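A.B. asks: Attaching a single structure in structure tokens format; questions to follow.
The values are calculated or read from the model by the stated rules, or taken from the named source; none is laboratory data. Predicted, not measured: the structure shown is a model, and the values here were computed from it. All Cβ positions, glycine included, derive from the backbone under ideal geometry; neighbour counts span all protein chains shown. Ligands, DNA and RNA are excluded from the accessible area calculation, which covers all protein heavy atoms including side chains. Shrake-Rupley method; radii C 1.70, N 1.55, O 1.52, S 1.80 Å.
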Amino acid sequence: MPASVIQALTPLTIQKIAAGEVIERPVNVVKELVENALDAGATKITVTLEEGGKEGIRVADDGFGMTRDDLEKCWLPHTTSKIRAVEDLESVSSFGFRGEALASMGSVSELTIETRHWEETLGSRLRVVESQVEELGDFARGQGTTISVRNLFRNNPVRRKFLGTAKTETSRITTMLTRLSLAHPDVLFRLSDGVREVLRLQEGTLRRRAGDVLGVHLLDDLIEVDWEGGGIHIQGYVSEPQRFSGRQGQQHFFVNRRNVFNPILARALMQAYEVVPPGRHPVAALFLSISPAEIDVNVHPTKREIRFLNEARVFWALSQALRAALRGAIDAPALDLSELSVPPPAPESSQESVDTEPRSDSAAPAFPSFPGFAFQPESTERANGTSSSVVSDPRAAADSEKVALFPELPRAAFSGSGGSAAEFTGAPCLQIHGSFILVAVRGGFLLVNQRAAHERILYEKALEDLRRPGRFSAQQLLFPVLVEFNTAEARIVEQHLVELRGLGFDLEPFGATAFQLRGSPADVASDLAQPILQELTGRLLDDSSGRGKDEPEEMLKRVAKAYARAAAVPLDAPLDAARMAALVDGLFATQNPYVTPAGLPVLIRYSLDEIRRRFGLKEEEA
């Protein structure tokens, strides 16, 4: 009879295998010990390394401490104070709960624990080597616990050989400790490697800790998140849409104060910003509080990954929280429309729909106009150094249909900080080099790229129009224009004929590669309709090369993006005060005024604090 080949493993072998899952390198040891200290209510945690933790790790805290009886049991396998029965796994709120960490350390290193419970006057000391108690006795010390781990993997030279250099291991520990500290701004963290202090994070507010971790230079650009709904509370900070990082490592997610990885959270963050430039990433420190019964933390040996019972609800909640925060952070421009000079309207500036009489193209002004604007040539009086552009009731003129700065602009969409787009109280805008608009806001000023701003406005308006099936609104031309395309362009026009009509381009096929343009979008001057259509078609053609079939929503976004890029007001185009105000007003009525549809910045914000620092002013002098 053949000999049996299946044998039961010895307890020591089992422990070493388990240790390999929990303890891979020094950073795992430090993480487990620091989390134990946090579970014990520590307010000061000091980590000391020798050779990056390969030779020695010491973690000291001022937590509750342990009694002598608890000390004797804490290092044994599967002993824990966090749970009592299997049902408790559904409501775990502590960091540790399996009772594996200390047992694993005791099997692959020399483990020493010194502790004193807060209700006792004398402490205790325990020393374990290869899962054997070498020492246990009384020890005089203050309240709290100090755990030392020496000669990690002392009896496993193969595992030890795969550890990094001391510098590499210290860097891993620094990153982990920095990340962990975000969820505990009220705790002092210190890290030393030998006699050199590597990290010191002073206790304070979450905002201060976020500055320490994410970078003090980002503090002025962090947006606070505080949202609650559907049984989920979300707090934290995210970067403004124009401030991205080149490293994804600047995104930190915490669930019930546990630092976790979950792709659902990362995807909700990216989608909240709508457009992120390639290679750039939003900066975030976000904290989700949710019922422990709604998550499973017992997924990975290191508890780094978690599962949500209802991922769709978590994704929705985080998306709502981020969009509300980004929208609420928009700084309302401090403009005063009552001081603006509005030039008298020209006959061509009234926009007619398909139901009104056709207008003649001969009425187009000599000065070029752009979508959303009604540019006029400067008056003779202004050319002679005088001005007659101030009307008797500027506010009424600004609101009149004849001026039509932004037809159908969703002004009511502006929410800012609960105000209205019309509640302007400050000075008018200033145009710089015919391309950029300077506008005062609360706490500083904005420098706005006028083309990028108009592109964002046109994109959102076009996308809204395209999402309305069957909508067809155009200003009819008195004389249709024949537009010739090459074969590839004609195919693109035919493929997107419904979308082009949705934008307001009333097109009919006229031969193999030509189309008759009978109407244009209501906010496009008739003399610009054909060149804008041709540029739009070219952009759609360039964007379609090598692309598979789009989802319907993605296709609409692509068309809206191409239209906005083709029709936006150019740089080096002089704008008067009324048009600048309308442009800024329209920008802050959009869902995302910070970036263009392509992810480029629309504006740059300068805070008063930054200006004062540049001038060397102290706060009392400002």
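A.B. asks: Does Glu489 count as surrounded by fewer than 20 Cβ atoms within 10 Å (Cβ to Cβ), more than 19 Å from Glu455 (Cβ to Cβ) and not aliphatic (A, V, I, L, M)?
C.D. replies: yes
A.B. asks: Moving to a separate point now. Can you tell me which of Ala321, Ala312, Ala329 is of a type in the set (Gly, Ala, Ser), within 21 Å of the chain's Cα centre (by Cα), open to solvent by less than 30 Å² (accessible area, probe 1.4 Å) and modelled with pLDDT of 65 or more?
C.D. replies: The conditions single out Ala321.
A.B. asks: Among what's in the range 176-210 and is of a type in the set (S, T, N, Q) and either in contact (Cβ under 8 Å) with a residue 40 or more places away in the chain or over 23 Å from Leu49 (Cα atoms) (or both), pick the residue that is least open to solvent (accessible area, probe 1.4 Å).
C.D. replies: It comes out as Ser192.
A.B. asks: Among the residues of the range 211-248 satisfying the criterion of being aromatic (Phe, Trp, Tyr) and under 12 Å from Leu286 (Cα atoms), which is most open to solvent (accessible area, probe 1.4 Å)?
C.D. replies: Among those that are aromatic (Phe, Trp, Tyr) and under 12 Å from Leu286 (Cα atoms), it is Trp227.
A.B. asks: Can you list residue pairs whose Cβ atoms sit under 7 Å apart, with the first residue in the range 102-121 being modelled with pLDDT of 90 or more and the second being assigned to a loop (DSSP other than H, G, I, E, B) and buried (at least 21 other Cβ atoms within 10 Å of the Cβ)? Count only pairs 6 or more apart in sequence or on different chains.
C.D. replies: Leu111/Trp75; Thr115/Gly65; Thr115/Met66; Arg116/Gly65; His117/Gly65; His117/Met66; Trp118/Gly65
A.B. asks: State yes or no: is Arg172 touching a residue at least 40 places away in the same chain (Cβ under 8 Å) and out of contact with any Ser or Thr (no Cβ under 7 Å at 6 or more places or on another chain)?
C.D. replies: yes
A.B. asks: A follow-up question, please. What strands (runs of 3 or more DSSP E) lie completely within the range 126-206 and have 3 or more residues being more than 29 Å from Glu72 (Cα to Cα) and not small (Gly, Ala, Ser)?
C.D. replies: Strands (runs of 3 or more DSSP E) meeting the threshold: 196-201.
A.B. asks: Restricting to the range 267-283, give me the number of residues that are buried (at least 17 other Cβ atoms within 10 Å of the Cβ) and over 17 Å from Tyr594 (Cα atoms).
C.D. replies: Going through the range 267-283 one residue at a time, the tally reaches 1.
A.B. asks: Looking only at residues in the range 106-141 that are over 44 Å from the mean Cα position of the chain (by Cα) and of a type in the set (Gly, Ala, Ser), which one is most open to solvent (accessible area, probe 1.4 Å)?
C.D. replies: Checking each candidate, the answer is Ala140.
A.B. asks: Could I ask something else about it? Among the residues of the range 222-254, write down those that are in contact (Cβ under 8 Å) with a residue 60 or more places away in the chain and among the acidic types (Asp, Glu).
C.D. replies: Glu224, Asp226, Glu240
A.B. asks: In the range 589-611, which residues are within 21 Å of Ala560 (Cβ to Cβ) and open to solvent by 10 Å² or more (accessible area, probe 1.4 Å)? Explain how you work it out, then say what you get.
C.D. replies: Filtering the range 589-611 down to residues within 21 Å of Ala560 (Cβ to Cβ) leaves 589-603.
Correct list: Gln591, Asn592, Tyr594, Ala598, Leu600, Pro601.
A.B. asks: Could you go through the range 269-279 and let me know if any residue there is at pLDDT 65 or above, touching an Asp or Glu at 6+ places or on another chain (Cβ under 7 Å), over 30 Å from Met105 (Cβ atoms) and not charged (D, E, K, R).
C.D. replies: Within the range 269-279 (the criterion being at pLDDT 65 or above, touching an Asp or Glu at 6+ places or on another chain (Cβ under 7 Å), over 30 Å from Met105 (Cβ atoms) and not charged (D, E, K, R)), the answer is no, since none of the residues qualifies.
A.B. asks: Do we have any residue at all in the range 541-556 that's aliphatic (A, V, I, L, M), at pLDDT 85 or above and open to solvent by less than 60 Å² (accessible area, probe 1.4 Å)?
C.D. replies: No; the residues of the range 541-556 include none that is aliphatic (A, V, I, L, M), at pLDDT 85 or above and open to solvent by less than 60 Å² (accessible area, probe 1.4 Å).
A.B. asks: List every residue pair whose Cβ atoms lie under 7 Å apart, where the two residues are 6 or more positions apart in sequence or sit on different chains, the first residue falls within the range 431-444 and is open to solvent by 40 Å² or more (accessible area, probe 1.4 Å), and the second residue, located anywhere, is modelled with pLDDT of 85 or more and polar (S, T, N, Q).
C.D. replies: As it stands, the answer is Phe436/Asn449; Phe436/Gln450, since those pairs meet every condition given.
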